[in-house]
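One structure is given here, and the rest of the page talks about it.
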Amino acid sequence: MGSFRISLENNVLILFIGCKAMECFKARFLSKLKELDALCLPVGGYAIAGSGPLAIRNLRDSDDVDIVVCRELWKKLLVNYVPYDNDHMQIGRIEVWRDFINLTYKLEEIVRKAELIEGYPFVGLEDTISWKKYLGRDKDKEDVRLISLYLKNKK
């Protein structure tokens, strides 16, 4: 019989058979990045944001791919894509942001110091915590908890 694990997450009982949940989160997220690969965006011009930094670290699943982009890359994207508002555009299933709410003032720095994981640039966990605390939604509070536990256990 293969390995299995039972987990209670957000009051939902989950049974994982044949793979660790965390390995599945990362694998599912990496498969979503194929669409990002097709855009051929330059490393140093964008960083994966939202729940991506959690999914790549096996902390939770992610339904989508959100990226923040520097000013130069935003201008280049405007040649081929139309934003749906002043600061956001949708390219396939990828959400592109040229703002980062409470962290917009340092967006260029966030992109520049993005952490490369599996060859992709990700917004750092400290900036992810700051952004999610600012948003303050229930799911963001849970993400802050997960990141904090991850950082504590990583020491």
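No value in this document is a laboratory result; all are computed from the given coordinates. These numbers come from a predicted model, not from an experiment.
Summary of values
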quantity	calculated
CD proxy at 222 nm, helix term only [per DSSP H run n ≥ 4: -39500 (n - 2.57); per residue of the chain; nearest 500]	-11500 deg cm²/dmol
Alpha-carbon Rg/Rh ratio, for the range 83-145, with Rh computed the Kirkwood way	0.98
Eligible aspartates and glutamates near Lys133 by straight Cα distance, threshold 15 Å, same-chain separation 8 or greater	Glu142, Asp143
Rounded to 10°, Cα long-axis angle of helix 138-154 versus longest principal axis of the chain	70 degrees
Rounded tilt (10° steps) of 125-135 against the dominant C-alpha axis of the chain	80 degrees
Extension gain, Ile101 back to Ala38 (0.36 nm per residue minus Cα-Cα distance, nm)	20.0 nm
Potential lengthening between Tyr84 and Asp138 on full extension [0.36 nm per residue; Cα-Cα distance subtracted]	16.8 nm
Two-decimal log10 I(q)/I(0) for the range 38-81, as the Debye equation yields it once each C-alpha is a single scatterer, q = 0.17, 0.21 Å⁻¹	-0.54, -0.74
Mean separation of Cα contacts under 8 Å, 6 or more apart, over the residue count of the range 28-155: relative contact order %	25 percent
